[in-house]
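The values are calculated or read from the model by the stated rules, or taken from the named source; none is laboratory data. What you see is a predicted model, and the numbers here were worked out from it, not measured in a lab. We place every Cβ from the backbone using ideal geometry, glycine too, and count neighbours over all the protein chains shown.
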Amino acid sequence: MEKKKFLATVNFLVEDDMVWLAKKTRKIGVGLLNGYGGKFKPVEDKDLIACSVREVRQECKVDISQAVFKKVAIINFHNIDENKNRSLWEVHYYIVKNFTGTPKENRKDGGMVEPNMYNKNNLPLGRMMLADRKFFPSLMQDKKIIGEYFYGRNQETFTKKGWYKIVDSLPD
């Protein structure tokens, strides 16, 4: 069976040495901390930044349309859902600075709850997805990375060893 392929973004709202993270309420990583983002919708989004703006506004009511975006990673995730369907997600990660507003809890529309700021040097890695625990500290140190991870059912385990590496630059 051929894997479905998707494109998505994750955005980390950063202020000085602090990063906003919130608890996911649905789909991949329910109950775990993450940045804000989601699936690219070609009909609605002209590019990945537009996707980021739409998803952040939907998930935490913050407008990042005039913010400063820095792409810090592209990670491919091979996933298996509860029905054993396979998918490949190419996720583009951004550090977002100089945004307007404070993230708010949003329990509907795929929103996220319990938004909090965490020090980039003391991250709650044990409360994040398995792959994020490996590469997230590098992102918070302004490193650019590429990688690939292979998740088992519901992203609770790995099916084989994943990897990431630090690179000098990333494609747009």
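Could you pull out the residue among E15, E59, E55 that is in contact (Cβ under 8 Å) with a residue 12 or more places away in the chain, over 16 Å from the mean Cα position of the chain (by Cα) and under 20 Å from N116 (Cβ atoms)?
Criteria check complete, one pass: E15.
Kindly provide the set of residues from segment 114-152 that are more than 15 Å from K71 (Cβ to Cβ), in contact (Cβ under 8 Å) with a residue 24 or more places away in the chain and surrounded by fewer than 15 Cβ atoms within 10 Å (Cβ to Cβ), ordered by number.
E114, N116, N119, N121, P124, G152
Hey, K71 hits all of (1) assigned to a strand (DSSP E or B); (2) charged (D, E, K, R); (3) at positive phi but one; which does it fall short on?
(3)
Inside segment 14-29, can you point out the residues that are assigned to a strand (DSSP E or B) and either within 18 Å of S138 (Cβ to Cβ) or of a type in the set (S, T, N, Q) (or both)? Don't jump to the end; show me each part of the working.
Filtering segment 14-29 for residues assigned to a strand (DSSP E or B) gives 14-15, 18-24.
Result: V14, M18, V19, L21.
Quickly run through segment 83-132 and pick out the residues that are out of contact with any Ser or Thr (no Cβ under 7 Å at 6 or more places or on another chain), in a strand (DSSP E or B) and modelled with pLDDT under 95.
R86, S87, T100
Filter segment 17-56 down to the residues that are buried (at least 17 other Cβ atoms within 10 Å of the Cβ) and basic (K, R), then identify the one that is farthest from E90 (Cα to Cα).
Checking each candidate, the answer is K23.
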